[in-house]
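The block underneath contains the structure these notes are about, expressed in structure tokens.
The values are calculated or read from the model by the stated rules, or taken from the named source; none is laboratory data. Everything quoted here is computed from the prediction, not taken from an experiment. Backbone-built Cβ (ideal geometry, glycine too); neighbour counts: all protein chains shown. Areas reflect the complete protein model, heavy atoms only, side chains present, ligands, DNA and RNA absent. Shrake-Rupley method; radii C 1.70, N 1.55, O 1.52, S 1.80 Å.
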Amino acid sequence: MSRQYIHPVAEAPLQDLLKHKAANGETFTVCELRDRLGERPEFADFDPKRLCKYVREQIYKRVEQGVVEQVGTKGKCRKVFQLTAVVNAGLEEMPHDTTCDANVTMSLVTQLNRDSDALRDKMEAHMQQLQTLKEMATQYPDIRDTIASLFDEKEAQAKALNEKLIIYAEVRQRLVQQGGKA
């Protein structure tokens, strides 16, 4: 069966599966989604490889849109995905399969994803520094007063980075809700 034939048949059931996964906070792999779709009678005659390719394309499209994120791997190479927290909060507004008419907007979403990853890395570094300062204060009680201002500074920086991440997520959500339209 061709991809064009799979698309109209599989779009709504795939969307329903994703909504179910989001509502339950479940992770998933492309193969798990393919298998769940393959259990349905309307997909009995579909080639599993072609169905898997379709599901993979749809998941990666949603990754680019910021709707889905990779959260790990299963076994040696199966990527594990989860719907983003932003989408989980507004589950009813999760976009159906949309074709991006505005490449500029999609590249902006991609850039926002990269920038969000960089902000997360910085925030994790600050959190690690805060943890180290806490350990030092516990281990060397005499220096608590000396490192208190440094601790406060690192804590403020971590909070500011978290606020930026929240804004990035909100902007990304609005772009995705618009379906890639500027």
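Report, to the nearest whole %, how much of the accessible area of region 115-180 belongs to carbon and sulfur atoms, 1.4 Å probe, protein only.
Solvent-exposed carbon and sulfur of region 115-180 make up 51 percent of the total.
With θ set to phi - 60° and the Karplus curve 6.51 cos²θ - 1.76 cosθ + 1.60, what are the ³J(HN,Hα) couplings of region 145-156 in order, to the nearest whole Hz, using x for Gly and Pro?
Calculated HN-Hα couplings, in order: 5, 5, 9, 4, 5, 5, 4, 4, 5, 5, 5, 5 Hz.
Once fully extended, how much extra length lies between D115 and K49, figured as 0.36 nm per residue of separation less the alpha-carbon to alpha-carbon distance?
That pair, D115 and K49, stretches by 20.3 nm at full extension.
Work out the FRET efficiency for V80 and E153 from their Cβ-Cβ distance, taking R0 = 35 Å, and round it to the nearest 0.05.
0.45
Provide the packing ranking of 35-47, 17-29, 51-63, i.e. peptides ordered by the mean count of other C-beta atoms within 10 Å per residue, highest first. Provide the component values of the computation, followed by the final result.
Values: 35-47: 13.3, 17-29: 15.9, 51-63: 18.8.
Packing order, densest peptide first, comes out as 51-63, 17-29, 35-47.
For each pair in K21/K53; K21/K61; K19/K79; K122/K164; K21/K159; K21/K79, compute the distance between the two Cα atoms and list the pairs where it is over 23 Å.
Among K21/K53; K21/K61; K19/K79; K122/K164; K21/K159; K21/K79, the Cα-Cα distance tops 23 Å for K21/K159.
Taking the convex hull of the alpha carbon atoms in region 10-85, what volume per residue do you get, in Å³?
It comes to 88 Å³ per residue, whole-number rounded.
Give me the accessible area per residue for region 115-180, probe 1.4 Å, as a whole number in Å².
69 Å²
So with the 1.4 Å probe, I'd like the accessible area per residue for region 10-85, rounded to whole Å².
Ligands and nucleic acids excluded, the result is 52 Å² per residue.
P(r) for region 115-180: what percent of alpha-carbon pairs falls in each 5 Å bin, starting at zero?
3, 18, 20, 17, 12, 10, 8, 5, 4, 2, 1, 0
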